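Every number here is computed from the coordinates shown, using simple stated rules; none is lab data. All figures in this text were calculated on a predicted structure; none of them were measured in a lab. Glycine gets a Cβ as well: all are built from the backbone with ideal geometry, and neighbour counts include every protein chain shown.
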Amino acid sequence: MASPISTITPESERAEIAGWVHEVRDLGGLTFCLIRDRTGIVQVTVNRKKAPAPVLEALSRLSRESVVRIGGTVKAIAKAPGGREIVPERFEILSPAESPLPLDVVEKVPAELDTRLDSRFLDLRRPRVAAVFLIRSAVMAAVWEFLAARGFVNITTPKLVAAATEGGTDLFPVAYFEKEAFLNQSPQLYKQIMMAAGFERVFEIGPIFRAEEHNTTKHLNEATSIDVEVSFADDREVMDLLEDLILFVYERVAATCRDPLSWLELQLEVPKKPFPRLAYRDAIGIAARRTGEPLKFGDDFGAVAEKALGEEMGVHYFIVDWPTAIKPYYAMPREDDPELCRAFDLMHPRMELASGSQRIHQHDLLVHQIRSKGLSADSFEFYLRPFRYGMPPHAGWGLGADRLVMTMLDLANIREAVIFPRDRHRLVP
Ligand code: ATP
Ligand code: MG
C-alpha cells in the first residue's frame, strides 16, 4: 500500500508512494520528478549513473500526468518541497498519460472555462480548482449538520413529475412510457405535502431543472437546491433559520477549510447578523434611483436592478413584503394588505440566493390563488387534497447551493461551482 505523500517527513527512512507525474526536469546527470497525490507533492530524484536499470527504463517512457508507483529511500534535502526527496529503487508506470495534454495541469498556461470543462478531470487535478469542491463538500456537510441538529428530517422527493410546480413554462419534458412527464422544477409541492404528513421539519438537497434558455453566469439548467419546510412557523422564523444557516456554514468553512481557502488565496469573511431587511417598495425606489430605470410596484428586479441594489446594500440582505402578484400562488397574502405577501428573497450583493415564504395552508384560499394566476386547479389535485385533511400553517425556502458556493468563494461563473455543469450548450461530459 502506498503512503499519502504528506505523511513522508525528512526523518522517514523509506517511502512507498503512488500518484501523478506533476513535472519532470533533467539537470545534468540528475532527473527530478515531482510526484503528486491528493495530499501533496514530493520530489523523486534519479541519479542516472547510479539508478537501477528498470528505474531508468521507466524514466525513459515517462510523460507528465502519468500514474506511477515508486518505492525507495528518503533523504532530507532542504531545497525540495517538504524538505525531503525519494531516491527510487522501484519505479513503476501504472497508467501512462498521452502527450500533449489537452490542459496544462501545472497552470502555466491559463485556459478558457470551456476548455477546462471539456477536460474537467484534468482541470480538477489543479489545487485551486479542487479547492472549490472540497469546500463545496464541507458546505453540504455543514448544511446537513445544522438542520439535523434542529430536528429536520431529510427527504428525497421525485424528480420525474406529472405537472409543473408553478405552472406551464420552463419544464423539461421526458418520454415516460405512454404518459407526459417532466423533470421537477423544485420539490415545493412535495415538501408541503410532507407538512400534511406531520413531519413538521423537512429538508431536501437535490437537483432542480429549469428549461430556461438563458445564458448567464448565475443560471444553470440543472442546479442543486437546499430546500426546507417548517410547520407552525411563519415567514420571519424561517428567515431567521436561513440567516443562522448561512452564518453557520461560513463559520464552518472558515474553521475547517484552511488549506483549500489558501489555494484559492481567499480570506473568507463571515457575514454578520442580522441581515438588513429591505421592503420591496424601498428596494424598487433604490433600484430606480441608482439605475435611472422607471421601476414601479409589481415589477421584478432584472439583473441591472439586482446589481444596483447589491451595491447599495453591500452585505447579505432580505427583500420582504413582495407584491402577491409576482410571487407564486402558494405565498401567503398579508391579512392587512393582500396586495402584499409573506414572501422573501435572500440576496447576496451579487445575486439572489434563496426565495421563501409563509405558505397558504387554507384549501379554498389556495384554490383561489391558483386560479387567479390563470392556472387550473384540476392539475394540482394531488397537491390540493392534503389541504383538505389537516394541513398545519407552514413556511419554508429554497436556497441555491451552487450560488451559495459561487458567492462564498467569489467565483466569476456559477459553472465553476459545479463539477459537470449543465447549460444550454453543455450536456457532455
Ligand atoms: P432567478 O430570479 O435568479 O432566476 P428564481 O427566482 O427563478 O431565480 P427560485 O425559483 O426562487 O429561483 O429558486 C430558488 C433558488 O434556487 C434561487 O434563489 C437560486 O439560488 C436557485 N436557482 C433557481 N434557478 C436556478 C438556476 N437556473 N440556476 C442556478 N440556481 C438557480
Ligand atoms: Mg426566486
Matching residues, region 32-69, being in a strand (DSSP E or B) and in contact with a helix residue (DSSP H, G or I) (Cβ under 9 Å, 6 or more places away or on another chain): Cys33, Leu34, Ile35, Arg36, Asp37, Gly40, Ile41, Val42, Gln43, Val46, Val68
Qualifying residue in region 156-163 (condition: surrounded by 14 or more Cβ atoms within 10 Å (Cβ to Cβ), closer than 30 Å to Asp104 by Cβ and not small (Gly, Ala, Ser)): no
Counted residues, region 377-410 - those being in contact (Cβ under 8 Å) with a residue 60 or more places away in the chain, within 30 Å of Thr217 (Cβ to Cβ) and in a helix (DSSP H, G or I): 7
Looking only at region 385-410, and only at residues there that are surrounded by fewer than 19 Cβ atoms within 10 Å (Cβ to Cβ) and of a type outside the set (Gly, Ala, Ser), the one that is nearest to Leu124 (Cα to Cα): Asp410
Selected residue (criterion: farthest from Asp321 (Cα to Cα)) from residues of region 283-308 that are loosely packed, with under 15 Cβ neighbours inside 10 Å and basic (Lys, Arg): Arg289
Any hit, region 246-269, residues being within 16 Å of ligand 1 (Cβ to nearest atom) and within 16 Å of the chain's Cα centre (by Cα): yes
Test: residue in region 232-241 that is over 19 Å from Ala395 (Cβ atoms), among the hydrophobic types (A, V, I, L, M, F, W, C) and surrounded by 14 or more Cβ atoms within 10 Å (Cβ to Cβ): no
Scan of region 100-126 for residues that are within 21 Å of His425 (Cβ to Cβ), of a type in the set (Asp, Glu) and surrounded by 14 or more Cβ atoms within 10 Å (Cβ to Cβ), ordered by number: Asp118, Asp123
Residues (in a strand (DSSP E or B) and among the aromatic types (Phe, Trp, Tyr)) located in region 181-229: Phe182, Phe203, Phe209
Qualifying position, being β-branched (Val, Ile, Thr) and over 20 Å from Ala130 (Cα atoms), among Ile70, Ile41: Ile70
Count of residues meeting criterion [outside any loop (DSSP other than H, G, I, E, B) and under 23 Å from Arg236 (Cα atoms)] in region 258-284: 8
Search result, residues across region 412-429 that are within 13 Å of ligand 1 (Cβ to nearest atom) and more than 10 Å from the chain's Cα centre (by Cα): Asn413, Pro421, Arg422, Asp423, Arg424
Close pairs from region 342-360: first over 14 Å from Gly396 (Cβ atoms), partner among the small types (Gly, Ala, Ser) and within 13 Å of ligand 2 (Cβ to nearest atom), Cβ under 7 Å, at least 6 apart: Leu353/Gly400
Condition check for Val367: in contact (Cβ under 8 Å) with a residue 12 or more places away in the chain, more than 11 Å from ligand 1 (Cβ to nearest atom) and part of a helix (DSSP H, G or I): yes
